[in-house]
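Some notes on the structure that comes next.
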Amino acid sequence: MTTFPRRSPGCCAWPRIRARSCSPWANTFKSITEGNFNSVGASYRPSPWPPKRDGSVCNLQLSTTLAHAFHLEVSPTAATLSNSTKYAAIHQFGGVIKPVNAKSLSWIGSDGKRRFAKSVTIPARPFFPVLNGRLTPAAAEKIGRAGERVMLREGGAPASP
């Protein structure tokens with residue numbers, strides 16, 4: 001879950017748009033995050049995703065459940081984007097999976113053979129466009145432009161395309 005409080009210059013100066021000001025930024029953040037699951041959105045990722053073991057490009061799209069499970073909540077002062085799938089965190093942060101109720105993990109590989117392992121290391125494949133607590137530069141620019149368009153529209157000035 002990632003929460004971004006509204007901290008934009010000019011927000012406090014335009015009190016009549018306070019209640020709606022988080023929505024454009026939040027929706028853009030959600031769109032960027034969902035877009036990170038295809039090659040078009042790869043430029044917004046905080047770091048490149050490691051390829052699969054066979055060397056092919058990884059897009060975390062086996063069933064598309066992860067990419068389509070984002071939930072956005074917007075309030076007047078904050079927005080929260082979350083993903084309730086049980087494997088979202090391991091993909092975002094990476095980690096080691098160990099067996100809980102058995103001596104080893106077991107699965108069927110892509111070649112149809114059963115595989116066993118004491119543990120499996122999953123590399124981080126961060127999909128939220130955040131690095132060290134800050135938006136990636138490409139995401140910050142796109143989200144900032146969305147907020148500027150709303151402020152211009154709400155302030156009576158024409159919005160730039």
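Quick note: the coordinates plus some simple rules give every number you see, no bench work behind them. Predicted model only: the values in this text are computed from it and were never measured. Because the Cβ atoms are built from the backbone with ideal geometry, glycine has one as well, and the counts that use them run over all protein chains shown.
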| query | How about segment 79-161: which trypsin sites (Lys or Arg not before Pro) there lie in a loop by DSSP and see at most 10 other Cβ atoms within 10 Å? | reply | K86, K103, K113, K118
| Points 7 angstrom from Cα along the Cβ direction at N101 and E73: gap in nanometres? | 3.1
| What shape does segment 31-161 take by its C-alpha gyration tensor, where a ≥ b ≥ c are the square roots of the eigenvalues and a/c under 1.5 counts as rounded, a/b above b/c as prolate, and the rest as oblate? | prolate
| message | On a full-extension model of 0.36 nm per residue, what is the gain between I108 and N38, subtracting their alpha-carbon distance, rounded to one decimal in nm? | response | 22.6 nm
| request: Using DSSP to define loop residues, name the chymotrypsin sites (Phe, Trp or Tyr not before Pro) in segment 83-161 whose beta-carbon has at most 15 other beta-carbon atoms within 10 Å. | output: Y87
| Hey, quick one: spin label on R115, modelled 7 Å out along Cα-Cβ, who in segment 39-78 has an amide N within reach, i.e. under 20 Å? | 49-66
